[in-house]
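The values are calculated or read from the model by the stated rules, or taken from the named source; none is laboratory data. Note that the structure is a prediction, hence the values are computed from the model and not measured. Glycine also receives a Cβ, built like all others from the backbone with ideal geometry; neighbour counts cover every protein chain displayed.
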Amino acid sequence: MAKKILVADDEPYVLRSIEYTLSKAGYNVVTAVDGEEAYTRINAENPDLVFLDIQMPKMDGNSVCKKLREDPEKKDLYIIVITAKGQESERLFSLECGASEYITKPYSPRKMLERVKEILGE
């Protein structure tokens, strides 16, 4: 059975790009366009891995991370934050909020896919 990955980003191009890359590799991809939708869908879909943009409407990615880490069932969920913000202080803040990893845009789809396979043990 294909692993499920949730991708949340309010930029349609980024969302489609990641969704395409992961779907082509055989993953079941669920998408969200804002933080509230991401949080709701994560709880409904129970993905194996989450990609979260930081700057999204309704609830930012760091807030979603914090809420997920407060839930005992989601505390071990692997969350990769994707952002255009490359400052070290931003990275540290996201990690403090519960992100497992921090990737800056632009990123290499090939490297992203290799990392996904490592994380999911494939």
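Kindly evaluate Leu92 against the criterion of being among the aliphatic types (A, V, I, L, M) and in contact with a strand residue (DSSP E or B) (Cβ under 7 Å, 6 or more places away or on another chain). Answer is no for this residue.
Looking across region 79-115, the residues that are out of contact with any Asp or Glu (no Cβ under 8 Å at 6 or more places or on another chain), closer than 19 Å to Ile54 by Cα and in contact (Cβ under 8 Å) with a residue 60 or more places away in the chain come down to Lys105, Pro109, Met112. Sub-6 Å Cβ pairs linking a first residue in region 25-39 that is in contact (Cβ under 8 Å) with a residue 60 or more places away in the chain to a second residue that is outside any loop (DSSP other than H, G, I, E, B) and not hydroxyl-bearing (Ser, Thr, Tyr), at least 6 apart or interchain, are Ala25/Leu113; Tyr27/Ile5, ordered by first then second residue. Could you check how many residues of region 12-40 are farther than 16 Å from Lys117 by Cα and touching a helix residue (DSSP H, G or I) at 6+ places or on another chain (Cβ under 9 Å)? Of the residues in that region, 9 qualify.
In region 1-59, the qualifying residues are those that are aromatic (Phe, Trp, Tyr) and out of contact with any Asp or Glu (no Cβ under 9 Å at 6 or more places or on another chain), and the one that is nearest to Arg91 (Cα to Cα) is Tyr39. Taken over region 102-122, the criterion of being surrounded by 13 or more Cβ atoms within 10 Å (Cβ to Cβ), of a type in the set (D, E, K, R) and part of a loop (DSSP other than H, G, I, E, B) is satisfied by Lys105 alone. Within the option set Ile82, Ile54, Ile5, being within 12 Å of the chain's Cα centre (by Cα), under 19 Å from Glu122 (Cα atoms) and surrounded by 16 or more Cβ atoms within 10 Å (Cβ to Cβ) holds for one residue only, Ile5. Listed by position, the helices (runs of 4 or more DSSP H) inside region 24-101 whose residues that are modelled with pLDDT of 90 or more, at negative phi and of a type in the set (Gly, Ala, Ser) number at least 2 are 35-45, 61-70.
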